Structures are given as structure tokens and as C-alpha cells.
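Down below is the structure, laid out as C-alpha cells.
The values are calculated or read from the model by the stated rules, or taken from the named source; none is laboratory data. All values derive from a computational prediction rather than experimental measurement. Ideal geometry is used to build each Cβ from the backbone, glycine not excepted, and the neighbour counts take in all protein chains shown.
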Amino acid sequence: MHKKYALEGGKVVETSDEDAVILAFYSPDDAERQYLLDTLKIDEHTLGSALDPQELSRVEFEPDHAAIIFKRPKRYTAADNFLFKVITAGFFLFKDKLVIVGEEQSSLFEGRPFARMNSVSDLLLRMLYQNILHFTEHLKVMNALCDELENKINKAMENKHLLSMFTIEKGLVYYLNAISSNGRVLEKLKANAVKLSFGPDNLEYLDDLLIENTQCLEQANTHAQVLASLMDARASLVSNNLNVMMKNLNAIVIAVGVPSFFAAVGGMSEFSMMTSPENWVLAYPVFLAAMISLGVATFFVIKKIEKYWR
């Protein structure tokens with residue numbers, strides 16, 4: 001999919017003008033790839049990197065443009081089953097044009113960051129800022145999901161909740177690597193500000209981006225450390241709950257087995273008073289009450305012994 005945009009009054013508006021200063025390609029087809037390679041002279045390997053979710057963030061300088069490969073969170077859906085993924089976006093900054101290449105369409109040019117823009121360099125930095133905000137929002141969602149799963153783990157002994165926690169932890173590792181990689185890209189952009197023709201306002205905004213990305217990285221690192229330190233405790237909690245349940249079941253089995261043994265012996269004895277037809281009306285309830293009392297007494301004896309050996 002291919003869209004064109006223009007800068008008008010400090011805002012981005014969609015246009016059909018062939019000389020549009022902003023070109024956005026989402027999952028480009030073969031014809032659009034050929035246009036990017038032949039007309040815009042974008043390197044084939046760099047273009048592939050912009051569509052490869054496994055690619056690392058980096059900055060490359062070509063004769064007529066700069067290529068910025070930046071990581072961003074993938075849009076989360078219920079089908080992802082708690083796995084937060086990271087994708088890649090490519091920003092190709094020309095002297096008077098910005099080309100955006102990505103796997104999926106994002107909510108481009110929306111919100112307060114995209115107000116009062118004067119150049120494509122301003123737009124580039126604001127899009128990088130939007131990606132950082134996207135990471136921060138996903139970290140908040142991860143934290144909320146972890147709290148909800150923790151409450152379920154405390155009340156239930158099902159493995160699925162614990163596995164969901166492990167899945168979130170896996171996604172958090174990907175986020176840590178992506179945010180850290182993006183930070184190195186921002187540092188390189190600042191170091192090459194002259195080559196990129198960044199003005200004083202751009203440099204100031206870039207400093208803000210570095211601070212925001214650092215804070216986002218610290219927040220992700222904190223979540224990862226807390227989650228990792230509590231995973232063993234939660235696994236032990238599930239195991240302990242299972243052990244308690246098995247102990248109670250074993251106590252019940254033994255408590256039922258002891259009176260069953262005496263009932264079986266009494267039933268096989270020809271001297272049992274239950275063999276006398278005239279006494280069964282009285283003998284059966286007495287015998288049943290005695291077996292129930294024996295079972296209850298056995299259960300409490302087992303619990304007392306268990307408590308003593310703790």
C-alpha cells in the first residue's frame with residue numbers, strides 16, 4: 001500500500017501530488033519495491049532490513065539520503081496470546097523528502113507531537129518519538145496483565161496462567177533489546193547532526209528523545225527484573241498449592257481406607273452381628289456410625305501428625 005502526504009500549515013495532510021514530500025509504503029508489493037530501488041535508489045539490502053522484524057536498529061548514509069532502521073512494537077491483538085512482538089520500520093531521509101517503509105500501517109501523524117512541523121526532519125524526529133511512546137504504552141499494558149495474572153495464579157493452580165507470565169517475560173526481553181538498539185540509533189543521529197542538516201530545534205528535540213528513550217529503557221528493565229525475580233516465587237506457589245492439595249487427598253484416602261478395612265473384615269466374618277437378620281436394623285446404623293467416626297478420627301490424626309512434622 002502506498003500513500004502520499006504533504007506538509008501544510010505545520011501539519012501533515014494526505015495528497016495525490018506526484019511531488020509529495022512524504023511517501024509511506026506499507027508491505028510494498030513488487031511494483032512498489034521496484035520503484036523504491038530504481039527511482040529512489042534505496043539499497044536493496046536496506047529495504048529488506050526495513051521489512052525484517054529480526055533486523056537490528058541502525059543508521060546508514062548513502063550519497064543522497066540517510067537510512068534509519070528503527071524498532072517499534074507490533075500492534076497487539078488477542079490472537080497473540082500475551083506475546084508482545086517487535087517489528088522494524090525504515091525511514092529514508094532525503095534532502096527534501098521522507099520515505100517511510102514498514103510492515104504494518106501505524107497511526108501516522110496523529111496527536112500532539114505532530115503539531116507545528118516545518119520540515120521533513122521535524123517529522124522524522126516526531127515519528128521516532130511516537131515509536132518510543134508506543135513502547136511505553138505497551139509496557140504499561142504488560143504490567144497490568146502481569147498483575148491480573150498474578151491474582152489468578154494466587155487463586156488457581158492452573159499452569160496456563162504461569163505460562164502466560166513466561167510469554168510476557170519473553171516479549172519483555174525483545175522489548176529491552178529493541179529499546180536499547182533504538183537508543184544507539186538516536187545517539188548516532190545526534191553525532192551526525194551536521195551531516196543530516198539538523199538545526200538547533202532538531203538537536204534540542206533529539207536530546208528530549210534520548211531522555212525519553214532512556215527512561216523507557218529503565219522502565220522496561222525494572223519490569224523485567226521484577227518479573228524475573230517473582231517468576232520462581234510464583235512457580236513455587238503453584239507447586240506448594242499442589243502439594244497441599246495432594247496431602248489433603250492422601251489424608252482423605254487413608255481416612256476412607258481404614259474404616260473400609262474394618263467394614264470388609266466385619267462383612268466377611270460369620271460372627272458379625274450384621275449376619276443376624278433380626279439385628280440388622282439396629283446393627284447397620286451403629287456399624288455405619290462407628291466407621292464414619294473412625295474415618296473422621298483417622299483424618300484428624302493424620303493432620304495432627306502432618307502439623308507436628310512441619
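For this structure, a couple of remarks:
- Flag set for E187, criterion: surrounded by fewer than 16 Cβ atoms within 10 Å (Cβ to Cβ) and assigned to a helix (DSSP H, G or I).
- Pairs where the first residue, in region 56-74, is closer than 18 Å to F135 by Cβ and the second is surrounded by 15 or more Cβ atoms within 10 Å (Cβ to Cβ) and acidic (D, E), C-beta under 7 Å, 6+ apart: I69/E55
- Residue match in region 165-187 (condition: β-branched (V, I, T) and closer than 21 Å to L98 by Cβ): yes
- When residues in region 26-49 are screened for being exposed (fewer than 13 other Cβ atoms within 10 Å of the Cβ) and aliphatic (A, V, I, L, M), 1 of them pass.
- Within region 222-254, being modelled with pLDDT of 70 or more, surrounded by 14 or more Cβ atoms within 10 Å (Cβ to Cβ) and closer than 19 Å to Y174 by Cβ holds for H223, A224, L227.
- Filtered residues of region 16-33 (kept if closer than 21 Å to H65 by Cβ and at pLDDT below 85): D17, E18, D19
- Residues in region 57-74 that are loosely packed, with under 15 Cβ neighbours inside 10 Å and part of a loop (DSSP other than H, G, I, E, B): E62, P63, D64.
- Flag for G48 being farther than 16 Å from S181 by Cβ and modelled with pLDDT under 90: no
- For region 77-96, residues that are in a loop (DSSP other than H, G, I, E, B) and in contact with a Gly (Cβ under 9 Å, 6 or more places away or on another chain) total 4.
- Condition check for R33: assigned by TED's automatic domain parsing to the domain that holds L186 and within 20 Å of L209 (Cβ to Cβ): no
- Filtering region 160-184 to residues that are at pLDDT below 90, loosely packed, with under 15 Cβ neighbours inside 10 Å and among the charged types (D, E, K, R) leaves K160, K170.
- Looking across region 1-42, just one residue is in contact (Cβ under 8 Å) with a residue 40 or more places away in the chain, in a loop (DSSP other than H, G, I, E, B) and farther than 14 Å from I100 by Cα, and that is G10.
- For A144: the one exception among (1) over 28 Å from D52 (Cβ atoms); (2) surrounded by 14 or more Cβ atoms within 10 Å (Cβ to Cβ); (3) under 15 Å from the mean Cα position of the chain (by Cα): (2)
- Matching entry among V99, V141 (being assigned to a strand (DSSP E or B), in contact (Cβ under 8 Å) with a residue 24 or more places away in the chain, among the aliphatic types (A, V, I, L, M) and under 30 Å from P28 (Cβ atoms)): V99
- For region 6-25, the criterion of being loosely packed, with under 15 Cβ neighbours inside 10 Å and under 30 Å from Y174 (Cβ atoms) is met by no residue.
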